[in-house]
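A.B. asks: Supplied in C-alpha cells, the structure appears directly below.
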Amino acid sequence: MIQLQRKFFLNLSQLVKQGFHPALLLTGCQKRALPVMKIINSNGDLRGDLKINLCIRMGLREDKSCEFFYPSTREITYKKEISTSKGNGLLLASSEGLLLIDAIYPERNKEILRATLSNLITIWGVKWYEIETKDNIVGFVWGFTDRIYMEVKEGMKVGMINRPGGTLPVKLLYKALNGNIEYLEKRGIGINYIYELAEETFSRATKILKLNSNVLPINITRIGINNINSLFANYSLKIQLPTPWYAEIMREIAPLIQDPLQSELLVLVIGEKREVEDALQEAEKQGFPSFLVGEVLRR
C-alpha cells in the first residue's frame, strides 16, 4: 500500500509538470457540456473550398475565441483547419481532452485519449477518421460518413450503451490514496478491491465503440446523466436508467464522491425501435453492456 501511494504521488507530480490540472487528476472532467461537434455536407475528400476550424485552449482561463477549453497548468492554444468539398455525406470534426486520467500507469493515458477522441466519431458509422493528439492530453478528431443527419421525433426510442458509474472506483482509489483509506475500511471496502475495480474501468476506457446503424448517436460521457434533458429544446427523454456499475459500493460512499454516476463512456442512440435495437446489438458484440432505456417525448 505504501509503495502504491508513493507511486501515485510521484506520478501526480509528473503529470502536473506535463500540464494536467490537479483538479482534473483527482476528480476527472469538470465542465458538464456536450463536446462541440462540427458537421458539414461533404464528399469525403480532404480538399476543397469548405473549411472546418477547430480550436483548443489549454490553461487556467477560458478564451472565448476558442470553442474548447481544457484546464491545464500550461498556457497554449492549438488550432486545426480541415478542408473538404460539398457532397451528400457528412464531414464531422471535434476536439476533446482526457476525461479520465490514469495516475497509476500514466503511459496508458495515450491509449485512453485515442479512445476518447475516437468515440466522438466512430459512433456515427464513419467510413474513415483521423486523430491528431497534442501533448498526450488533448486532440482533434475528424471523419466522414455517407449517412444523412437524423432529426429527432416524438415517440422515437432511446438506447444507452454502457452503464453509468464506471469511474467510481478510480475516484475512490484516488481519494483513498490521498488520505481516505480509513473512511473506506470502516465501510468494509478494501483498498486492494478498489484497485482491482479501477483497473477494470481503465481497461474499458481504452475501448473504441463502432456503430453502423441508422440512429442519432450522442456521446454524453462529458455532459453526464443529470443533464440529458437539456439535449433538445422541444423534446425530453423519458428514461429508466440501467443499474450502475458498482451499485453496491455507491450506496456506501456516495457522500465522498462528486458525480458518482459519471462513466468512462456513455452513449445514447435515438431512432426507430428496430434501428436502436440493431445499434445496441452492435455494441453488445463489442463488449459494451447496452440497454433500451426509454423514448422521446414532446415538451
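The values are calculated or read from the model by the stated rules, or taken from the named source; none is laboratory data. Small disclaimer: the values here were computed from a predicted structure and weren't measured. Neighbour counts run over all protein chains shown; Cβ positions are idealised from the backbone, glycine included. Accessible surface areas use protein heavy atoms only, side chains included; no ligands, DNA or RNA. Shrake-Rupley method; radii C 1.70, N 1.55, O 1.52, S 1.80 Å.
A.B. asks: Just want to confirm a number: the relative contact order over segment 1-145, from Cα pairs under 8 angstrom separated by 6+ residues, in percent. Please list the in-between numbers first.
C.D. replies: Values: 287 pairs, mean separation 35.9, N = 145.
The normalised contact order for segment 1-145 reaches 25 percent.
A.B. asks: For segment 111-122, take each phi angle, set θ = phi - 60°, evaluate the Karplus expression 6.51 cos²θ - 1.76 cosθ + 1.60, and give the result in whole Hz per residue in order, putting x for glycine and proline.
C.D. replies: Once θ is set to phi - 60°, the couplings for segment 111-122 become 5, 5, 5, 4, 5, 4, 5, 4, 5, 6, 10, 5 Hz.
A.B. asks: Any idea what the dipole of segment 169-299 comes to, in debye rounded to 20, about its Cα centre with Lys/Arg Cβ at +1 and Asp/Glu Cβ at -1? Write down the numbers at each step before the final one.
C.D. replies: Numbers: 15 positive and 16 negative charges, 84 e Å.
Rounded to the nearest 20 debye, it is 400 debye.
A.B. asks: What number, in percent, do you get for the relative contact order of the chain if the mean sequence gap of Cα pairs under 8 Å and at least 6 apart is divided by its residue count? Working shown, then result.
C.D. replies: Numbers: 628 pairs, mean separation 61.4, N = 299.
Dividing the mean separation by the residue count of the chain yields 21 percent.
A.B. asks: Which parts of segment 1-40 would a label at residue 182 reach, counting a residue when its backbone N lies under 14 Å from a point 7 Å out along Cα-to-Cβ?
C.D. replies: From segment 1-40, the list is empty.
A.B. asks: What does segment 57-138 give for Rg and for Dmax, in Å, if only its C-alpha atoms count?
C.D. replies: 14.4, 46
A.B. asks: What is the distance, in nm, between label points placed 7 Å from the Cα along the Cα-to-Cβ direction at residue 53 and at residue 36?
C.D. replies: Roughly 1.0 nm, to one decimal.
A.B. asks: Out of these labelled values of log10 I(q)/I(0) by the Debye sum over Cα atoms at q = 0.07, 0.17 Å⁻¹, (1) -0.69, -1.29; (2) -0.28, -1.47; (3) -0.37, -1.42, which was calculated from the coordinates shown here?
C.D. replies: It is the value labelled (2).
A.B. asks: For residue 27, what is the net charge nearby, where nearby means another residue's Cβ is under 10 Å from its Cβ and Lys, Arg count +1, Asp, Glu -1?
C.D. replies: Values: positive: 171, 175; negative: 259.
Charge balance in the 10 Å sphere: +1.
A.B. asks: With springs connecting C-alpha atoms under 10 Å apart, model the chain as a Gaussian network and identify which of 137, 208, 253 has the largest mean-square fluctuation.
C.D. replies: In the Gaussian network model the winner is 253.
A.B. asks: Taking θ = phi - 60°, what integer Hz values does the Karplus form 6.51 cos²θ - 1.76 cosθ + 1.60 yield along segment 255-263, in sequence order, with x for Gly and Pro?
C.D. replies: The phi angles translate into x, 7, 10, 6, 6, x, 8, 5, 10 Hz.
A.B. asks: For the chain, with a Gaussian network of springs between Cα atoms less than 10 Å apart, report the residue from 197, 12, 241 with the top mean-square fluctuation.
C.D. replies: Looking only at 197, 12, 241, the largest GNM fluctuation is found for 241.
A.B. asks: Another question about this same structure. In degrees, nearest 10, range 0 to 90: what is the angle between the Cα axis of helix 2-18 and the longest Cα principal axis of the chain?
C.D. replies: Between the helix axis and the principal axis of the chain, the angle is about 40 degrees.
A.B. asks: Further question: Give me the percent of accessible area attributable to carbon and sulfur for the chain, probe 1.4 angstrom. Present the calculation step by step, with values, prior to reporting the outcome.
C.D. replies: Working: 6600 of 13940 Å².
Carbon and sulfur together cover 47 percent of it.
A.B. asks: Top mean-square fluctuation among 128, 142, 245, Gaussian network model of the chain, C-alpha springs under 10 Å?
C.D. replies: Result for the chain, Cα springs under 10 Å: 128 fluctuates most.
A.B. asks: Further, regarding this structure: Between residue 43 and residue 6, what is 0.36 nm times their sequence separation minus the Cα-Cα distance? Round to one decimal in nm. Present the calculation step by step, with values, prior to reporting the outcome.
C.D. replies: Working: separation 37, 0.36 × 37 = 13.32 nm, distance 5.28 nm.
Extra length available between residue 43 and residue 6 comes to 8.0 nm.
A.B. asks: Between segment 1-62 and segment 70-129, how far is it from one alpha carbon centroid to the other, in angstrom?
C.D. replies: 9
A.B. asks: Just to check I understand the Karplus step: with θ = phi - 60° and J = 6.51 cos²θ - 1.76 cosθ + 1.60, what whole-Hz values come out for segment 271-277, glycine and proline as x?
C.D. replies: Karplus-based 3J(HN,Hα) across segment 271-277 equals x, 5, 3, 5, 5, 5, 4 Hz.
A.B. asks: Report the net charge of residues surrounding residue 75, where surrounding means a beta-carbon distance below 13 angstrom and charges are Lys +1, Arg +1, Asp -1, Glu -1.
C.D. replies: Values: positive: 57, 61, 74; negative: 62, 63, 135.
Around residue 75, the surrounding residues sum to 0.
A.B. asks: Lysine pairs in segment 1-145 8 or more apart or on different chains: how many have alpha carbons under 12 angstrom apart? Can you show the working numbers first?
C.D. replies: Values: 38/51; 51/80; 51/86; 79/134; 80/134; 110/134.
Close lysine pairs under the 12 Å cut-off: 6.
A.B. asks: Could you state the accessible area per residue of the chain in Å², with a 1.4 Å probe and every protein chain left in place?
C.D. replies: Values: 13940 Å² over 299 residues.
Result: 47 Å² of accessible area for each residue.
A.B. asks: For segment 1-145, just the Cα atoms, rotate onto the principal axes and tell me the three extents in Å, largest first.
C.D. replies: 59, 30, 24 Å, listed from the longest principal axis down.
A.B. asks: Separate question: In percent, how large is the relative contact order of segment 220-299, given Cα pairs closer than 8 Å and 6 or more residues apart?
C.D. replies: For segment 220-299, the relative contact order is 48 percent.
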